[in-house]
Amino acid sequence: MSDIWIMRIGHRPERDKRVTTHVALSSRALGAKGIYVDTPDPVLEENIRSVVDRFGGDYTIKTGVTWKEAMRGFKGKVVHLTMYGERVDVALPKIPRDEDIMIIVGAEKVPIEVYQAADFNVSVGNQPHSEIAALAIFLDRFTEGQALYADRGGKLTVVPNERGKTVVDLSK
Ligand code: SAM
């Protein structure tokens with residue numbers, strides 16, 4: 001599988017703190033390689049790196065990068081998630097699996113240039129909902145569920161359990 005990158009635009013550090021954190025954590029859990037966030041936010045970076053440090057993987061975060069900067073030099077295909085886009089079931093077969101993809105998600109109104117610059121404008125249903133939900137459904141479909149229980153080699157590993165909580169702490 002090629003690399004999946006996320007571009008989060010319109011991030012407002014105070015207002016979107018939790019949502020952008022969840023965009024990053026959900027995309028990490030569902031197989032993305034890293035995230036770019038347009039507005040500088042050192043606290044957000046620190047929080048995500050702390051999760052990666054404990055739970056493993058090589059997910060990266062860089063804030064203060066505009067979508068234009070992230071796209072410059074990016075070699076793969078750009079997928080913009082929007083409720084106005086093409087149906088996800090129609091778009092998915094057209095998105096190449098042997099190239100990296102960059103998935104753009106918004107916060108408030110997304111500039112029209114993003115629609116024009118994207119290779120694919122994809123909707124996850126045509127109702128307004130959330131960047132976290134849209135990203136999670138898209139990633140799960142794109143990766144066919146393969147990322148969900150992939151080993152990240154973290155210090156902390158959660159072992160699936162019918163009841164109770166089983167966490168292996170390899171740092172001890
Ligand atoms: N009103 C904004 C607009 O017109 O661009 C969208 C706001 S929505 C809260 C934030 C983001 O969630 C969108 O930019 C889009 O990436 C994602 N989103 C929301 N609903 C979606 C849907 N049905 N399909 C795909 N993405 C969606």
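Rounded to the nearest 5, what % of the DSSP beta bridges within the chain are antiparallel ones?
20
Between the stretch 130-172 and the stretch 36-92, how many Å separate their Cα centres?
That distance is 18 Å.
Counting each DSSP H run of 4 or more residues in the chain as -39500 (n - 2.57), what helix-only mean residue ellipticity at 222 nm follows after dividing by all residues, to the nearest 500 deg cm²/dmol?
-9000 deg cm²/dmol
Nearest 20 debye, what's the magnitude of the dipole of the stretch 4-146 about its Cα centre given +1 on Lys and Arg Cβ and -1 on Asp and Glu Cβ?
Around 60 debye, computed over the stretch 4-146.
To make sure I understand the rule: partners must be lysines, Cα under 26 Å from the Cα of LYS33, and not fewer than 8 residues away in the same chain. Which ones qualify?
Within reach: LYS17, LYS62, LYS68, LYS75, LYS77, LYS94, LYS109, LYS155.
Distances longer than 26 Å among the Cα atoms of the stretch 39-172: what percent of all pairs is that? Walk me through the numbers on the way to the answer.
Numbers: 3175 of 8911 pairs.
It works out to 36 percent of all Cα pairs.
Bear in mind that the values in this text are calculations on the coordinates, not laboratory data. Predicted model, so just to flag it, every value in this text is computed and none were measured. Note that each Cβ is placed from the backbone with ideal geometry, even for glycine, and that neighbours are counted across all protein chains shown.
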